[in-house]
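Reviewing the structure listed below.
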Amino acid sequence: MTTLTIRTREYLTLGVVAVLLGSIGGVAAWQLGVVGQPPGSFYAIGGALVIAFALTFVMLRVLVFGPLVAEAAALAVACESVADGDLSGRVPASHHTEFGRIGRAVNTMLENTVPLVDSRQERDQMQASVMKLLAEVSGVAAGDLTVEAEVTEDVTGAVADSFNLMIGQLRQIIGQVQAASRQISMAVGELRDVTATLASGSDDQAAQAVEASVAIEEMAASIHYVSENASSSAAVAEQARVNAEHGTRAVTRTIEGMKAVRDQVQETAKRIKRLGESSQEIGEIVELIGDIGDRTSILALNASIQAAMAGEAGRGFAIVADEVERLADRATEATKRAGMLVKATQGETAEVMTAMEDTTREVINRSNIANEAGVALGEIQGVSNRLAELLQAISDAAQQQARGSEQVAKSMNEMSAVTRNTAAGTKQTAAAINSLGLLVDNLNAIVTRFKLPPTSPEAVAFTHPRLVAAR
Amino acid sequence: MTEQPLAALTLRDAIASVDSRIDAPAVSQGAPVEATSAGTAGRFILLSVASTHYAIPEAFVTELERVPRVTTVPRVPAWLCGVANLRGDIVSVIDLRAYLGHPPHAPSGARLLVVRLLDEPFTTGLIVDAVDRIVTLQGDDVKAPASPFEGALAPFVSGVCTIGGTNSDRLVAVLDVDRLLRSPDIRQFDDPSKDPS
């Protein structure tokens with residue numbers, strides 16, 4: 001009905017009235033027709049009815065419906081304007097008719113509806129905006145996150161803004177997810193490498209643990225050897241101490257012997273000095289004898305002279321005097337030789353004294369040296385003691401080390417077992433990481449469907465700090 | 001004089017030697033005083049002064065001493081040492097070394113030889129370096145000096161002889177003591193009051 005009557009206001013009005021009247025006539029005719037007429041004459045009846053209606057219409061138009069029509073027209077106008085979307089129009093509601101009531105009701109309705117119903121223009125505009133928005137954002141569904149909704153001033157502007165914000169967030173998230181997935185992918189690769197290294201490292205470690213066990217056992221053996229050697233060395237040091245003690249005693253005896261030698265030498269020196277003094281006295285005595293010989297010689301000469309003066313009587317006396325002189329001469333000669341001998345003896349005595357003093361000095365020096373040797377031997381004794389203690393300590397420590405190294409060997413065996421377990425675990429980890437790699441590849445495939453701006457800052461914004469650190 | 005080892009020399013040996021010589025026939029025991037005065041033969045005392053050997057006839061020698069303490073006298077030549085007291089007798093002492101012009105250095109074996117004149121009571125002491133022994137010379141042992149002696153004692157040398165020493169022969173000048181003691185040098189300080197002539 002609407003499509004037929006909206007062409008013109010007149011047609012509408014007419015239509016309305018016609019419908020109204022037609023309805024009335026129709027209803028009357030239907031009631032007549034139904035009573036006794038065949039269906040073929042329906043159109044004639046209809047036509048008659050139409051004419052009747054027309055006449056009625058004219059009459060009613062002029063007579064009855066004129067004012068009503070006017071009111072209806074006004075109402076219609078108002079309704080049309082409403083129908084056109086103009087909700088500002090109002091029905092003149094001055095008539096106290098049914099139309100007036102309708103008009104007032106329409107007015108009331110309009111008053112109540114206007115705030116609720118936008119105008120059509122607005123609706124269209126909104127629809128267009130929404131359509132535009134939809135068109136703009138439809139790519140997002142396909143994963144295109146490069147789109148950007150135009151922010152307009154109308155209602156969809158806010159939506160577009162929110163959408164843009166949301167897309168921005170989404171883009172950021174997706175970018176981060178992509179980056180993260182790439183990084184995870186890389187990390188998985190690295191992890192795979194690391195795990196492979198770990199696995200081979202674990203194998204190596206297990207092998208090395210075995211080697212280390214062997215080495216530690218060897219070390220334990222050598223430490224044991226060291227301990228034994230230290231014990232032997234301690235015994236040797238003890239022997240050295242004993243020897244040094246013997247040496248000290250020997251040096252002490254040597255010093256005592258030197259002292260005795262010195263005393264004897266000094267005693268001998270005294271005796272030789274006395275001998276020298278005696279030879280001095282002998283020299284004096286020899287001198288005295290020489291003097292006596294000299295005097296005797298003089299006396300003998302005098303006697304000879306006197307005998308000569310006595311002439312024949314002194315002849316025998318002269319012979320005696322001659323003999324006495326010879327004796328005196330020989331005595332003088334002998335005392336000269338004795339004097340020389342005494343002098344030589346004194347010289348030699350002086351030399352012997354000097355030699356004795358040298359010997360005494362030498363003996364004192366030797367005694368001092370022997371003393372020093374004694375001191376040194378005492379020090380050696382102390383050092384040997386200390387050495388023996390130290391070597392004992394070394395022996396103890398080495399034994400402790402041997403025990404410790406046995407413990408270490410045991411620990412190494414345990415560690416070897418642990419390492420084997422670790423190697424198995426590492427292989428499992430490698431398998432898990434391979435699965436993780438597949439998952440990450442899937443994730444990559446999924447997130448790659450999202451299209452991002454070529455240089456999206458969000459794509460690189462997310463970087464896991466630990467992965468950065470790992471590089 | 002034969003040398004014997006010192007150890008072999010005992011008093012008994014000496015006495016035996018003396019006895020044998022006393023019992024033996026008399027050997028030439030020096031000329032009488034008359035012969036001695038001639039100065040050519042007899043017993044002579046051998047001495048040395050400044051490495052020169054001299055012989056003095058024994059008759060002129062009264063005694064022999066060590067050099068005594070000499071009391072110097074003033075205003076006399078250096079060779080006149082002074083006077084000495086010999087057992088109460090005062091004798092003048094002449095240093096022959098100094099007289100010969102040598103420095104007055106007396107060796108340890110220096111002797112004082114008291115000499116006299118035979119015909120008058122005049123004695124004086126002569127200091128010599130050493131007195132060796134008494135020798136007996138025959139008349140033909142002493143010869144006239146081949147060349148004149150030099151020095152202060154040259155005028156008093158009456159002859160020379162050769163004496164066999166221990167090592168080698170030595171030339172000995174025989175001094176004429178009589179002439180020496182009568183020389184003006186010696187007699188110039190003689191106290192005339194003491195002279196009995």
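The values are calculated or read from the model by the stated rules, or taken from the named source; none is laboratory data. For clarity, every value in this text was computed on a predicted model and none was experimentally measured. No Cβ is skipped: glycine too gets one built from the backbone with ideal geometry, and neighbour counts run over all protein chains shown. In case anyone asks, the SASA skips ligands and DNA or RNA and just uses the protein heavy atoms, side chains included. Shrake-Rupley method; radii C 1.70, N 1.55, O 1.52, S 1.80 Å.
Yes or no, residue by residue, for (1) touching a Leu at 6+ places or on another chain (Cβ under 6 Å); (2) modelled with pLDDT of 85 or more; (3) over 30 Å from A:Gly175 (Cβ atoms):
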| position | (1), (2), (3) |
| --- | --- |
| A:Glu389 | no, yes, yes |
| A:Ser416 | no, no, yes |
| A:Ala423 | no, no, yes |
| A:Phe450 | yes, no, no |
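Taking the stated definitions as given, is A:Arg241 of a type in the set (Lys, Arg), part of a helix (DSSP H, G or I) and in contact with a helix residue (DSSP H, G or I) (Cβ under 6 Å, 6 or more places away or on another chain)? When the stated conditions are applied, A:Arg241 passes them. Within the range B:118-148, being in contact (Cβ under 8 Å) with a residue 40 or more places away in the chain, out of contact with any strand residue (DSSP E or B) (no Cβ under 8 Å at 6 or more places or on another chain) and assigned to a loop (DSSP other than H, G, I, E, B) holds for B:Leu118, B:Glu120, B:Pro121, B:Gln138. The set of residues from the range B:31-84 being away from every other protein chain (no Cβ under 11 Å), at pLDDT below 80 and surrounded by 18 or more Cβ atoms within 10 Å (Cβ to Cβ) comprises B:Gly39, B:Thr40, B:Ala41. Looking only at residues of the range A:335-363 that are within 11 Å of chain B (Cβ to nearest Cβ) and touching a residue at least 12 places away in the same chain (Cβ under 8 Å), we find that the one that is surrounded by the most Cβ atoms within 10 Å (Cβ to Cβ) is A:Thr335.
Within the range A:239-266, residues that are closer than 30 Å to A:Ala388 by Cβ and in contact (Cβ under 8 Å) with a residue 40 or more places away in the chain reach partners that are of a type in the set (Lys, Arg) and assigned to a helix (DSSP H, G or I) with beta carbons closer than 9 Å, at six or more positions or on different chains, in the pairs A:Thr254/A:Arg366.
A count restricted to the range B:109-131 and to residues that are buried (at least 20 other Cβ atoms within 10 Å of the Cβ) and in contact with a Gly (Cβ under 9 Å, 6 or more places away or on another chain) stands at 6. Contact annotation: residue pairs with Cβ atoms under 6 Å, 6 or more positions apart or on different chains, pairing a residue in the range A:313-331 that is closer than 20 Å to A:Gly293 by Cβ and at the interface with chain B (Cβ under 7 Å from one of its Cβ atoms) with a partner that is open to solvent by 20 Å² or more (accessible area, probe 1.4 Å) and of a type in the set (Lys, Arg), are A:Ile319/B:Arg21.
Residues of the range A:160-192 being under 30 Å from A:Gln121 (Cα atoms) and surrounded by 18 or more Cβ atoms within 10 Å (Cβ to Cβ), which ones? Full working, then the answer.
Let us first name the residues in the range A:160-192 that are under 30 Å from A:Gln121 (Cα atoms), namely A:160-167.
Once the filter is applied, which keeps residues that are under 30 Å from A:Gln121 (Cα atoms) and surrounded by 18 or more Cβ atoms within 10 Å (Cβ to Cβ), the range A:160-192 yields A:Ala160, A:Phe163, A:Asn164, A:Ile167.
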